[in-house]
1. Keeping to region 51-64, report how many residues are modelled with pLDDT under 90 and over 16 Å from Ala100 (Cβ atoms).
2. Within the set of pairs 6+ apart or on separate chains, which have a first residue in region 55-70 that is in contact (Cβ under 8 Å) with a residue 24 or more places away in the chain, a second that is open to solvent by 90 Å² or more (accessible area, probe 1.4 Å), and C-beta atoms under 8 Å apart?
3. Please state which of the following conditions Leu88 fails to meet, knowing it meets all the rest: (1) modelled with pLDDT under 90; (2) more than 16 Å from the chain's Cα centre (by Cα).
4. Please enumerate the residues belonging to region 5-50 that are at pLDDT 80 or above and small (Gly, Ala, Ser).
5. Conditions first: (1) in a helix (DSSP H, G or I); (2) at pLDDT 90 or above; (3) more than 11 Å from the chain's Cα centre (by Cα). Ala135 passes all but one, so which condition is the exception?
6. Do we find that Val104 is modelled with pLDDT of 95 or more, more than 25 Å from Arg42 (Cα to Cα) and surrounded by fewer than 16 Cβ atoms within 10 Å (Cβ to Cβ) in this structure?
7. Within the bounds of region 108-124, is there any residue that is under 20 Å from Leu60 (Cα atoms) and open to solvent by 30 Å² or more (accessible area, probe 1.4 Å)?
8. Filter region 162-179 for residues that are over 11 Å from the mean Cα position of the chain (by Cα) and under 21 Å from Pro103 (Cβ atoms) and give the result.
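The values are calculated or read from the model by the stated rules, or taken from the named source; none is laboratory data. Values in this document were obtained by computation on a predicted structure and should not be read as measured data. Don't worry about glycine lacking a Cβ; one is built from the backbone with ideal geometry, like all the others, and counts go over all protein chains shown. Please note that ligands, DNA and RNA were not included when accessible areas were found on the heavy atoms of the full protein model with its side chains. Shrake-Rupley method; radii C 1.70, N 1.55, O 1.52, S 1.80 Å.
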Amino acid sequence: MGAIGDVIAQNIAQPTAQQTDKTKSTDGSSQAVGYDPMRTARFFLYGCMFGPVAYKWYSLLDRRFPLPLVTLGSSAPSALGTSAAKMLAIGKRVAVDQVAFAPVAIGAFFVVMGAMEGKRINDIRASLRAKYKDALVGNYALWPWAQLVNFSVIPLIYRVPFSSVVSVLWNVYLSWINSRRSSGVPINSV
């Protein structure tokens, strides 16, 4: 899903012919602006690494903040629980996910992507300083709502696939942020 998000981001961010059809390369020669398959490959590889981590994280949240069980008459227990107790457990999952996991995952994204791009550690640090805050704010605009749905109605086995679908939109945003120069220019002024 990361690769799909990156392909979309590259197509959205492509300069139009009216803007420019060439850019200067590092050696001063002109080269056509176009699709970067290696960038997409990096997003694909990152997604392959992140999926198992996300599944383990969701499993941990499920164990740590279980939904309340109720017995309906003589039938087997169900995970319906009382509305207040269920919402409290879901709220705890979302809060812990957004406070503990999201900031670390976003930082890891920039570090891993920077390493895969061949950046030096100082360049990765500069990228983090320039892009981390915008990515975290974007995260807080999307993921709490997505996770509220994910934790309340999606069974554990389908949480990573659900998150992957939402991640297409998220990866468009991350790809766009990651492809910006580390100039410190705020995202809304690019």
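1. 2
2. Phe65/Lys92
3. (1)
4. Hits for region 5-50 are Gly5, Ala9, Ala41, Gly47.
5. (3)
6. no
7. Scanning region 108-124, I find at least one residue that is under 20 Å from Leu60 (Cα atoms) and open to solvent by 30 Å² or more (accessible area, probe 1.4 Å), so the answer is yes.
8. Trp176, Ile177, Asn178
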